[in-house]
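Remarks on the structure that follows.
The values are calculated or read from the model by the stated rules, or taken from the named source; none is laboratory data. Values in this document were obtained by computation on a predicted structure and should not be read as measured data. Cβ placement follows ideal geometry from the backbone for every residue including glycine, while neighbour counts extend to all protein chains displayed. Surface accessibility is based on the protein's heavy atoms, side chains included, excluding ligands, DNA and RNA. Shrake-Rupley method; radii C 1.70, N 1.55, O 1.52, S 1.80 Å.
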Amino acid sequence: MKNILLSSAAIALLAGAASAEVTWSGDAEIGYNDDVEDGAYWDAGLYVNLSQELNNGWTVTGALDIDLEDDDAGSGSSSYDLGSVSTSDWVLTLSNDMFTFSAGDIDTAMASFDYVTGLFSATDAVDDALGLDTLSDDSSDYTGIPDDTSAGLLVSAEYGQFSGAYSAIIADGDLGAQQLVLGGDFDVVEVGFFYAEEDTDYVLASEQYALTVSGSFAGFEVTGSYGKTDYFGFGDGSAYGIEVAYPVGAVTLGAYYTGYDVDGADLDGAYGVSVDYADGPITVSAYYGSGLLFDGTNIVDDAAEYAIEGQYDFGMGLVMTAGYIDGDDEDDNDFAAYIVAEYDLGGGATFLASYADATNYDESGDLDDIDTGVGGYELNYGTTLAVSFEF
């Protein structure tokens, strides 16, 4: 994405300080999709990044997305309208060589915590079933937290081989859903500790903590974790797990197992395997993982997700990607199949043609947010033709 550095005069006008740096960038897309977008559609965005050096080694930065979306504005009107204009992803950060203070649309502290897959699955299963937002899922951000949440707060620090992070949401002027992560890198092994005392307004679990240890041994990358949760009205639960990755040339093999001890639940545990291949123009990824669901009365271990995806780079700008992904959770961006052809037009412009068969969804599904594991595409259901630009 090409950044435009404003002149000193423009900086003084917009930022109020001649030494500040203000960079602008943007993107736009024009496309056609009859299933989700009702035909032709467009959207665009502006992105501004602010930076100012302060005294004593401190720097303040800011970032903001300005989103422009087609909402049929201007139809029946003699003047053209840009449609809906909204802002998102606002983050203000103050940092030096040791500390970073951030406020706005930020990740939780848990985003920096490396743990075995499925360690918090029991918490997530109950929270999802009861319609509560969880702060211990893989996204680790504040998306979906209730409307009275105005921002998140994140404080992180690094000193030698030690690191730490603290986060909280800001709702009605109060701090809630607080998390703490501590870590240490001791060359042979890395250790991490997670603690959360979470508010019942946002999650079911009142208190969580976990310990994880990881390292490399004889070519294997191994992570072990233990976690404990106190559920409101459901008693205590604990989980332990081990995850292993082993690279063999262009192939990386992975596997994990997580066991659970939850009051009132008879669980066999969760497990998963994965194979990833990347060599030259070919990328292939496949995985299978079991998981947990809450059936309204008990937590049960009958959820599963699996996928096989591949990508081939033909050269000269043409990349083909296809995959099949399935799962038991309709709210987890599960879908059946997709195929994508993307062609690089140069200068930040690309042409995309895709088809996604989201047969797992009903009409209320999130059909405009079908995420692929390979290629990182966000697809619409059905056939889409689109041209996108970056500036």
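Here are some notes:
- Unique match (being open to solvent by 40 Å² or more (accessible area, probe 1.4 Å), over 28 Å from the mean Cα position of the chain (by Cα) and at pLDDT below 85) among A15, A73, A40: A15
- Scan of segment 268-289 for residues that are crowded, with 17+ Cβ neighbours inside 10 Å, among the aliphatic types (A, V, I, L, M) and in contact (Cβ under 8 Å) with a residue 24 or more places away in the chain, ordered by number: A270, V284
- For segment 379-389, the candidate set comprises residues that are among the β-branched types (V, I, T) and open to solvent by 30 Å² or more (accessible area, probe 1.4 Å); within that set, the residue that is modelled with the highest pLDDT is V387.
- If you filter segment 362-378 down to residues that are open to solvent by less than 30 Å² (accessible area, probe 1.4 Å) and in a loop (DSSP other than H, G, I, E, B), you find that the one that is modelled with the lowest pLDDT is G365.
- Leading residue by the ranking (nearest to E243 (Cα to Cα)) among those in segment 215-226 that are open to solvent by 60 Å² or more (accessible area, probe 1.4 Å) and at pLDDT 90 or above: E221
- For segment 347-359, taking the residues that are in a strand (DSSP E or B) and at pLDDT below 95, the one that is least open to solvent (accessible area, probe 1.4 Å) is identified as A356.
- If you go through segment 227-248 and keep only what is modelled with pLDDT of 90 or more and over 18 Å from D114 (Cβ atoms), you end up with just V248.
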